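Peer 1: The following block contains the structure, expressed as structure tokens.
Just so you know, all these numbers are worked out from the coordinates, no wet-lab data involved. No experiment lies behind these values; they were computed from the predicted model shown. Backbone-built Cβ (ideal geometry, glycine too); neighbour counts: all protein chains shown.
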Amino acid sequence: MEKKIVFSGVQPSGALTIGNYIGALRNFTELQDEYDCNYCVVDMHAITIPQVPKNLRKNTLDVLAMYMASGIDPDKSTLFIQSHVPAHAELSWVLNTITYMGQLNRMTQFKEKSKKSDENLNAGLFTYPVLMAADILLYQADFVPVGEDQKQHLELSRDLAERFNSRYSDTFTVPEPLIKEFGARIMSLQDPVAKMSKSDSDTNAYILLQDSKDQIARKIKRAVTDCIGSVNYTDEQPGIKNLINIHSVLSGMSVDEIIKLYSGKGYGVFKSELAEVVIDALDPIQTRYQQYLDNKDFLEKVYSEGANKAESKARKTLRKVYKKIGFVPRG
Ligand code: ATP
Ligand code: LTN
């Protein structure tokens, strides 16, 4: 039986956080044996926010190295860089013409990012979800593992697939999101009602996968909590709840076990033991990450072979799409 198809992407818009790891990368790794997985570094998405070219280049290779450091095996999964496969931009244009302005206006990520941007808004930020739909639909993905924040974008992808299929006949698989019930939304350490985000201007708000032991311990120590003083899992204590979630995912302990372990102990003990849990979980990832970064030839081999594999899958879909909408084949 043919394996079902998985697609996901991460933006090289900065160094990756434990939010990216818990909500996305960790889950990517789990899917590799059962599915035909495609994991992309979405550099074309990253430029919807101004990037320094030198940093974009570095961050792109960093994300690729982090993919592999967190366990993605390039012999099992197709690992590639979005801008290497022109079909993404090409399908995106076609999908733009069947997307309604009203749908894009409702996207919360656009609303939030446009609030933060002081410069003139660019049209790419607005059509960002259409490019994301193109990414997914090109590979005929059945499943898309993402964090909770991407749910609305996934709904648009589904909607565009259905609209195209009903207008022109069955062409695209309608993708389903794979969002874990637990850990799909890791919150900022400084503002526990906001998502932890790698582009946050406050570096204390996130833990990077490449942070040193000292930085990790310091950021957890400074994490905003409350004045209740006991380790409980409730919405009234969003800071502590978030730290328990991080602990649970990385230690494998259940929420109940964690609460029991820290009952009667203060936040200080909980935080310093959590720092140990995070440091231990990241340690092997950091070692592998460094090895990949030191081996630029291998990275290049991975992304160029990945682009070839991705390209042939993507072209097949794009060819069908062009034919159905009435473009004359080049011959
Ligand atoms: P940016 O801050 O640049 O918007 P980001 O940190 O939100 O970036 P993305 O590259 O947009 O990261 O996301 C990569 C993947 O990580 C997506 O699947 C996203 O849902 C997931 N993710 C991002 N932040 C979190 C978080 N705080 N908790 C859980 N999952 C997350
Ligand atoms: N929009 C996503 C990144 C992304 C993606 C994708 C995720 C771009 N294309 C395709 C899944 C599938 C984000 O901001 N996290």
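Peer 1: Which of the peptides 162-174, 23-35 is most tightly packed, and how do the rest follow, judged by the mean count of other Cβ atoms within 10 Å per residue? It would help to have the intermediate numbers written out before the result.
Peer 2: Numbers: 162-174: 15.0, 23-35: 18.8.
Ranking the peptides 162-174, 23-35 by packing returns 23-35, 162-174.
Peer 1: Right, another one. For residue 236 and residue 159, what is the calculated FRET efficiency with R₀ set at 41 Å and r taken between the beta-carbons, to the nearest 0.05? Intermediate values should be presented prior to the final figure.
Peer 2: Values: r = 37 Å, r/R0 = 0.89.
E between residue 236 and residue 159, to the nearest 0.05, is 0.65.
Peer 1: Angle check, please: helix 296-325 long axis (alpha carbons) against the longest principal axis of the chain (alpha carbons), in degrees 0 to 90, nearest 10.
Peer 2: 50 degrees
Peer 1: For residue 33 and residue 54, what does the FRET efficiency come to when R0 = 56 Å and r is the distance between their Cβ atoms, rounded to the nearest 0.05?
Peer 2: After rounding to 0.05, the efficiency reads 0.90.
Peer 1: Bin width 20 Å, origin at 0, all Cα-Cα pairs of the chain: what percent of pairs per bin?
Peer 2: Reading upward from the zero bin: 30, 56, 13, 1.
Peer 1: How much length is gained if the chain between residue 2 and residue 320 is pulled fully straight, taking 0.36 nm per residue apart and subtracting their Cα-Cα distance, in nm to one decimal? The partial results should precede the final answer.
Peer 2: Details: separation 318, 0.36 × 318 = 114.48 nm, distance 2.06 nm.
This chain segment gains 112.4 nm when fully extended.
Peer 1: On the Cα set of segment 234-310, report Rg and Dmax in Å, please.
Peer 2: 18.8, 57
Peer 1: If N is the number of residues in segment 182-331, what value comes out of its Cα radius of gyration divided by 2.2 N^0.38 Å?
Peer 2: Cα-based Rg divided by the globular estimate yields 1.50.
Peer 1: Based on the alpha-carbon gyration tensor of segment 149-267 and its eigenvalue square roots a ≥ b ≥ c, which shape applies: rounded if a/c is under 1.5, prolate if not and a/b is larger than b/c, or oblate?
Peer 2: In terms of gyration-tensor shape, prolate.
Peer 1: Quick check: residue separation of residue 291 and residue 308 times 0.36 nm, minus the Cα distance between them. What number comes out in nm?
Peer 2: Difference between extended and current length: 3.7 nm.
Peer 1: Amide H neighbours of residue 206 under 5 Å, counting only residues 5+ apart in sequence or on other chains, H built in-plane at 1.01 Å?
Peer 2: 189
Peer 1: Could you pull the Rg and Dmax for segment 56-207, using just the Cα atoms, both in Å?
Peer 2: Every Cα atom of segment 56-207 included, Rg and Dmax give 16.7, 50 Å.
Peer 1: On C-alpha positions alone, give me the angle between the axis of helix 151-168 and the longest principal axis of the chain, in degrees, nearest 10.
Peer 2: For 151-168 against the chain, the angle is about 10 degrees.
Peer 1: Only four residue types carry charge here, +1 at the Cβ of Lys and Arg and -1 at the Cβ of Asp and Glu. Report the dipole size of segment 36-117 about the Cα centre in Debye, rounded to the nearest 20.
Peer 2: 560 debye
Peer 1: While we're looking at this one, here's another question. What do you get for the angle between helix 53-69 and the principal long axis of the chain? Use alpha-carbon atoms, 0 to 90 degrees, nearest ten.
Peer 2: Roughly 70 degrees, rounded to the nearest 10.
Peer 1: Relative contact order for segment 180-241: what is it in percent, counting Cα pairs under 8 Å that are at least 6 residues apart? Each step should come with its number before you reach the end.
Peer 2: Numbers: 66 pairs, mean separation 17.0, N = 62.
So the answer I get is 27 percent.
Peer 1: Okay, moving on. Suppose every Lys and Arg Cβ carries +1 and every Asp and Glu Cβ carries -1, with no other charges. What dipole size does the chain come out with about its Cα centre, to the nearest 20 debye?
Peer 2: Dipole magnitude for the chain comes out near 940 debye.
Peer 1: If you don't mind, there's one more thing I want to ask. Using a 7 Å offset from the Cα along the Cα-to-Cβ direction at both residue 176 and residue 265, what is the distance between the two label points in nm, to one decimal?
Peer 2: Roughly 4.0 nm, to one decimal.
Peer 1: Another question about this same structure. Can you tell me the relative contact order of the chain? Whole percent, Cα pairs under 8 Å, sequence separation 6 or more. If you can, show how the numbers build up before the last one.
Peer 2: Values: 502 pairs, mean separation 72.5, N = 331.
It rounds to 22 percent for the chain.
Peer 1: Something else about it: Please give the direction-averaged projected area of the C-alpha convex hull for segment 193-233, in square nanometres with one decimal.
Peer 2: Dividing the Cα hull surface by four gives the mean projection, 3.8 nm².
Peer 1: If the cut-off is a Cα-Cα distance under 14 Å, which aspartates and glutamates reach residue 198, setting aside same-chain residues fewer than 8 apart in sequence?
Peer 2: By straight Cα distance, residue 198 reaches 62, 149, 211.
Peer 1: Given points 7 Å out from each Cα along the Cα-Cβ axis, report the residue 120 to residue 203 separation in nanometres with one decimal.
Peer 2: Calculated label separation equals 3.3 nm.
Peer 1: Considering only DSSP beta bridges with both partners in the chain, what is the antiparallel share in %, to the nearest 5?
Peer 2: 10 percent
Peer 1: Related question: Report Rg(Cα)/(2.2 N^0.38 Å) for segment 270-331, keeping two decimals.
Peer 2: Relative to the rule-of-thumb radius for its length, segment 270-331 sits at 2.08.
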